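The values are calculated or read from the model by the stated rules, or taken from the named source; none is laboratory data. Being a predicted model, the structure only gives us computed values, none of them experimental. As a convention, Cβ positions derive from the backbone with ideal geometry for all residues, glycine included, and neighbour counts pool all protein chains shown. Protein only, heavy atoms only, side chains kept; ligands, DNA and RNA dropped before computing areas. Shrake-Rupley method; radii C 1.70, N 1.55, O 1.52, S 1.80 Å.
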Amino acid sequence: MQRNARETDTMRSQVLFPFLLSLFCGAISQPIRYSIPEELAKGSRVGNLAKDLGLSVQELPARKLRVSAEDYFSVSAESGDLLVSGRIDREKICGRKSECALEFESVIENPMNIFHVIIDIQDINDNAPCFIAKEIELEICESALPGVKFPLDSAQDADVESNSLKIYTISSNEYFSLSTKESPDESKYPELLLEKPLDREHQNSHRLILTAIDGGEPPLSSTTQIRIKVTDANDNAPVFSQDIYRVSLKENVPQGTSVLRVMATDQDEGINAEITYAFLNAPTSASLIFHLNPNTGDITTNGTLDFEERNRYVLGVEAKDGGVHTAHCNVQIEVVDENDNAPEVTFMSFSNQIPEDSNLGTIIALIRVRDRDSGQNGLVTCYIQEEVPFKLESTSKNYYKLVIDRALNREETAEYNVTITANDRGKPSLFSTASVTLYIADINDNAPVFQQASYTVHIAENNPPGASIAQVSAYDPDLGTNGQVSYSIMASDLEPQVLSSYVSVSAHSGVVFAQRTFDHEQLRVFQLTLQARDHGSPALSANVSLRVLVGDRNDNAPRVLYPALAPDGSALFDTVPRAAEPGYLVTKVLSSYVSVSAHSGVVFAQRTFDHEQLRVFQLTLQARDHGSPALSANVSLRVLVGDRNDNAPRVLYPALAPDGSALFDTVPRAAEPGYLVTKVVAVDADSGHNAWLSYHVLQASDPGLFSLGLRTGEVRTARALGDRDSTRQRLLVAVRDGGQPPLSATATLHLIFADSLQEVLPDLSDDPLPTDPQSELQFYLVLALALISVLFLLAVILAIALRLRHSFSSASWGCFQSGLSSKSGPVVPSNYSEGTMPYSYNLCVASHSANTEFNFLNITPEVAPPQDLLCDNPSIAGCANNEDLKLSYDSSFSSQVYRSFCPN
């Protein structure tokens with residue numbers, strides 16, 4: 001029973017309870033104490049622990065009140081009562097200790113705190129006294145005188161204090177009486193007293209009933225029989241040299257070690273003087289540990305002594321002579337503690353993920369040390385072996401706190417292996433270690449750092465749109481999203497409204513793309529401010545300057561502005577004085593964007609201006625008189641080129657593959673509503689309102705499955721993919737600008753719901769995209785309209801043919817008489833302008849001539865009005881027949897001719 005009590009106490013002291021200590025505030029020095037009787041039923045209320053800790057019932061769910069002694073107690077989550085959850089047997093927990101208490105810790109969170117709780121366990125009378133032997137045998141010589149005492153075997157009672165064994169009684173008889181005695185270890189034993197001389201010849205044996213009664217309410221008892229045999233006289237009893245023998249013995253001595261020798265003498269002789277020794281009333285555990293030589297009285301160890309299990313033994317020894325006389329003594333053995341137990345280090349709780357920005361003094365772990373030895377052997381000192389930014393702080397009851405001693409930096413050291421060493425003060429000193437790995441959790445404390453302080457790139461003009469012109473790279477030493485860097489354009493010396501139409505930057509790679517073809521003549525250098533921003537909270541960023549130099553290519557041929565052609569297309573001439581000296585300036589060939597009339601001051605544009613290439617330029621004009629000396633004045637002319645909506649949006653993504661096939665995007669099957677599927681990227685070379693782009697869905701396989709951002713072009717899932725939804729979807733997106741009238745472009749998105757590329761590839765090679773019912777309907781409508789149009793045209797042609805056939809039956813071909821021909825001089829139309837034919841001719845041909853020749857006359861300075869020979873006769877319906885015509889060309893004429901035929 002004592003051993004079970006020790007094991008239970010050890011188990012109770014080693015209960016571990018995991019909990020977080022990142023907000024741990026410390027332990028209250030004064031424990032909370034309750035007192036309960038043992039053997040309470042499960043669910044019995046001990047007390048309101050929450051109230052005693054100052055907690056309200058409403059706080060319990062958030063504070064998570066709990067206790068470490070879960071085998072015995074629990075806390076009600078509704079009321080905060082401390083309830084009994086297991087059997088509480090005082091005798092099993094504390095043995096025969098006069099005071100019995102269960103000590104454990106209660107824990108609350110938010111903030112974290114720990115409290116010591118002590119439960120005093122009161123003994124109840126649940127164990128009756130018990131005799132080891134069912135019958136006690138005594139031999140008493142008939143010569144024994146009245147008053148002789150005979151100690152008897154005691155009964156054992158597991159209860160203590162008032163519930164323990166109190167008194168012994170025997171059945172009524174005339175020869176013996178009984179008294180209750182107390183041994184040095186405060187246990188009670190019965191002592192039989194001879195009241196009247198015995199006469200063996202009259203009665204050679206006696207039987208008595210011995211009863212042991214405890215002090216409980218109601219009292220419990222047990223009985224055993226005493227069998228007394230009356231023997232012949234032996235008038236001298238053995239006598240011990242001491243009534244009490246005392247000895248100290250170190251624990252862990254080898255088996256068979258001599259403890260001491262008890263010695264008794266007898267004045268008798270012969271067999272009556274032969275003394276034998278035996279343990280009297282020795283507990284079973286003591287008799288197993290010690291051995292008594294019955295002949296010599298030597299007591300030796302028969303097992304292992306353990307100070308932590310039991311530190312004192314009281315043994316009763318009986319000496320019996322050859323007759324019936326006995327003597328008794330007590331042997332008190334004190335066990336001396338040896339330093340045979342190393343300290344035990346237990347992590348009650350710890351947090352292995354520590355934010356690197358934790359404050360100094362933050363508690364990381366709660367450590368409990370225990371040494372089962374006593375005195376100096378049980379005093380323990382703890383320390384940390386490694387050089388780490390942590391330290392130990394001692395608290396009450398052999399508890400240590402592991403706290404942060406120096407600032408942490410995950411980028412320098414991501415984890416620490418901390419070894420706690422506990423040394424006791426015994427000689428030699430014993431120690432034990434416990435190790436734990438602490439991981440430093442990352443916080444966003446590092447901004448991205450660019451590899452260069454600034455970037456300068458050169459790009460030749462006439463680059464293709466979408467070409468990469470530079471790449472910037474920034475490094476962030478943080479982990480996870482704290483170290484993921486996104487790039488964006490923050491500022492530029494270009495106008496903000498047109499910046500997006502010039503360049504863009506990949507948010508993931510930092511590659512800078514040209515959104516249009518650069519022209520060195522229009523833009524030679526520009527500067528961007530790029531930002532690298534991480535995804536931490538709050539996000540940190542860094543900026544870098546990118547200078548882009550646009551190189552020149554020989555892509556412009558010279559343009560002659562002077563001399564120019566006259567408005568009628570003829571060449572102008574310059575005059576030179578007959579007396580011109582050598583070096584006289586005759587004229588000058590000019591090539592530029594604009595020219596100015598020397599006489600009128602009119603400024604002419606020499607080329608078509610493009611707002612996207614040239615938005616503004618400035619001229620300095622000079623007016624000079626012809627005096628001598630000549631005087632002049634200058635003026636500044638600023639020309640602003642306005643924008644027109646002459647550029648349709650251009651879709652950059654999605655684009656076609658190099659082989660001309662359509663690309664596709666994959667969407668996870670478990671995509672939630674709002675998941676970003678892809679983004680339609682488009683640019684417009686115009687500026688201002690003409691470059692404002694909006695995105696619209698023209699066609700969709702399932703209109704309710706996706707949503708499209710009006711201004712961003714982001715395609716997101718509007719709902720989750722259903723079992724009946726097709727895994728292959730098609731979206732036709734229109735991109736419109738804000739001009740009047742608006743221009744637009746379209747892009748087709750092919751979307752496939754799949755969790756991996758391997759899952760998509762077989763479908764792409766075998767199955768075509770699902771047919772769009774709306775597209776099929778439009779196809780059939782167009783086909784029907786085309787058929788109707790063809791039928792209508794056929795009907796019109798047939799009607800015209802019938803009418804012509806009716807007209808041809810008349811003699812309307814009379815105008816084509818044999819030899820009839822007409823030649824007219826060239827005619828200059830009155831509305832002639834540059835780019836039209838300067839001459840006009842009217843002609844007729846003979847109807848019966850198989851080979852008809854047209855001869856173009858020489859142009860005369862005097863141009864007569866044209867005469868329409870064919871149209872003078874109203875009966876003429878046509879001007880030519882189906883015969884082949886041969887044209888002869890007079891080489892003296894200009895190549896520009898104007899031919900007209902008169903209609904009916």
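Observations, loosely collected:
- Residues of segment 135-184 that turn out to be over 17 Å from Lys229 (Cα atoms) and loosely packed, with under 14 Cβ neighbours inside 10 Å, as a count: 7
- Residue in segment 253-271 that is closer than 30 Å to Asp373 by Cβ, open to solvent by less than 80 Å² (accessible area, probe 1.4 Å), out of contact with any strand residue (DSSP E or B) (no Cβ under 9 Å at 6 or more places or on another chain) and touching a residue at least 12 places away in the same chain (Cβ under 8 Å) present: no
- Within segment 214-229, tally of residues that are open to solvent by 50 Å² or more (accessible area, probe 1.4 Å) and either of a type outside the set (D, E, K, R) or free of Cβ contacts under 8 Å to residues at least 12 places away in the same chain (or both): 6
- For segment 528-567, the set of residues classified as acidic (Asp, Glu) and open to solvent by 90 Å² or more (accessible area, probe 1.4 Å) consists of Asp552 only.
- Pick from segment 95-118, criterion among the acidic types (Asp, Glu) and under 41 Å from the mean Cα position of the chain (by Cα), ranking: surrounded by the fewest Cβ atoms within 10 Å (Cβ to Cβ): Glu103
- Take the conditions (1) in contact (Cβ under 8 Å) with a residue 40 or more places away in the chain; (2) open to solvent by 40 Å² or more (accessible area, probe 1.4 Å); (3) closer than 15 Å to Val677 by Cα; Thr712 misses just one of them, which is (1).
Rundown of residues vs (1) outside the structural domain of Ile752 (by the TED database); (2) free of Cβ contacts under 8 Å to residues at least 40 places away in the same chain, yes/no style:
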{"residue": "Arg638", "(1), (2)": "yes, yes"}
{"residue": "Arg644", "(1), (2)": "yes, no"}
{"residue": "Asn647", "(1), (2)": "yes, no"}
{"residue": "Leu663", "(1), (2)": "no, no"}
{"residue": "Thr666", "(1), (2)": "no, no"}
{"residue": "Glu672", "(1), (2)": "no, no"}
{"residue": "Thr678", "(1), (2)": "no, no"}
{"residue": "Val683", "(1), (2)": "no, no"}
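- Single residue of segment 46-81 satisfying the filter (assigned to a strand (DSSP E or B) and more than 21 Å from Ile124 (Cα to Cα)) that is nearest to the chain's Cα centre (by Cα): Arg66
- Flag for Thr296 being at pLDDT 90 or above and part of a loop (DSSP other than H, G, I, E, B): yes
- Glu338 meets the conditions (1) in contact (Cβ under 8 Å) with a residue 60 or more places away in the chain; (2) in contact with a Phe, Trp or Tyr (Cβ under 8 Å, 6 or more places away or on another chain); (3) crowded, with 18+ Cβ neighbours inside 10 Å in every case but one. The failed one is (3).
- Residue selected from segment 381-393 under the condition part of a strand (DSSP E or B) and in contact (Cβ under 8 Å) with a residue 12 or more places away in the chain, by the criterion most open to solvent (accessible area, probe 1.4 Å): Tyr383
- Just so you know, in segment 286-303 the residues that are touching a helix residue (DSSP H, G or I) at 6+ places or on another chain (Cβ under 8 Å) and more than 21 Å from Ile244 (Cβ to Cβ) include one that is most open to solvent (accessible area, probe 1.4 Å), and it is Asn302.
- Among the criteria (1) assigned to a loop (DSSP other than H, G, I, E, B); (2) under 23 Å from Pro184 (Cβ atoms), the one Gln255 does not fulfil is (2).
- Any hit, segment 410-423, residues being on the phi < 0 side of the Ramachandran plot, open to solvent by 60 Å² or more (accessible area, probe 1.4 Å), among the basic types (Lys, Arg) and outside the structural domain of Asn543 (by the TED database): no
- Residue tally, condition modelled with pLDDT of 85 or more, surrounded by 13 or more Cβ atoms within 10 Å (Cβ to Cβ) and assigned to a strand (DSSP E or B), over segment 349-380: 11
- Strands (runs of 3 or more DSSP E) within segment 587-698 that include 1 or more residues within 53 Å of the chain's Cα centre (by Cα) and surrounded by 11 or more Cβ atoms within 10 Å (Cβ to Cβ): 650-653, 664-667, 676-679, 681-683
- Of the criteria (1) assigned to a loop (DSSP other than H, G, I, E, B); (2) out of contact with any helix residue (DSSP H, G or I) (no Cβ under 6 Å at 6 or more places or on another chain); (3) more than 23 Å from Arg370 (Cα to Cα), which one Val457 fails: (1)
- Just one of the numbered conditions (1) within 21 Å of Arg66 (Cβ to Cβ); (2) in contact with a Leu (Cβ under 6 Å, 6 or more places away or on another chain); (3) free of Cβ contacts under 8 Å to residues at least 40 places away in the same chain is not true of Tyr400: (1).
- Only one of the numbered conditions (1) open to solvent by 20 Å² or more (accessible area, probe 1.4 Å); (2) at negative phi is not met by Asn398, and that is (2).
- For Ser432, the criteria (1) more than 30 Å from Leu652 (Cβ to Cβ); (2) in contact with a Pro (Cβ under 6 Å, 6 or more places away or on another chain); (3) in a loop (DSSP other than H, G, I, E, B) hold in every case but one, which is (3).
- When Tyr439 is tested against (1) part of a strand (DSSP E or B); (2) open to solvent by less than 30 Å² (accessible area, probe 1.4 Å); (3) more than 19 Å from Leu540 (Cβ to Cβ), just one condition goes unmet, and that condition is (2).
- From the list Val498, Val503, Val525, the lone residue that is open to solvent by less than 40 Å² (accessible area, probe 1.4 Å) and at pLDDT 90 or above is Val503.
- Criterion: in the same structural domain as Leu193 (by the TED database), among the acidic types (Asp, Glu) and in a strand (DSSP E or B) - qualifying residue of Glu139, Glu105: Glu139
- Contacts under 8 angstrom Cβ, first residue in segment 437-454 being farther than 17 Å from Asn417 by Cβ, partner of a type in the set (Ser, Thr, Tyr) and open to solvent by 70 Å² or more (accessible area, probe 1.4 Å), 6 or more apart: Asn444/Ser537; Pro448/Tyr475; Val449/Tyr475; Gln451/Tyr475
- Scan of segment 489-517 for residues that are of a type in the set (A, V, I, L, M, F, W, C) and touching a helix residue (DSSP H, G or I) at 6+ places or on another chain (Cβ under 8 Å), ordered by number: Ile489, Leu494, Val498, Ala514
- Qualifying residue in segment 82-94 (condition: open to solvent by 50 Å² or more (accessible area, probe 1.4 Å), in a loop (DSSP other than H, G, I, E, B) and either over 30 Å from Ile363 (Cα atoms) or out of contact with any strand residue (DSSP E or B) (no Cβ under 9 Å at 6 or more places or on another chain) (or both)): yes
- Pairs where the first residue, in segment 34-46, is at positive phi and the second is open to solvent by 50 Å² or more (accessible area, probe 1.4 Å), C-beta under 7 Å, 6+ apart: Glu39/Ile124; Glu39/Asp126
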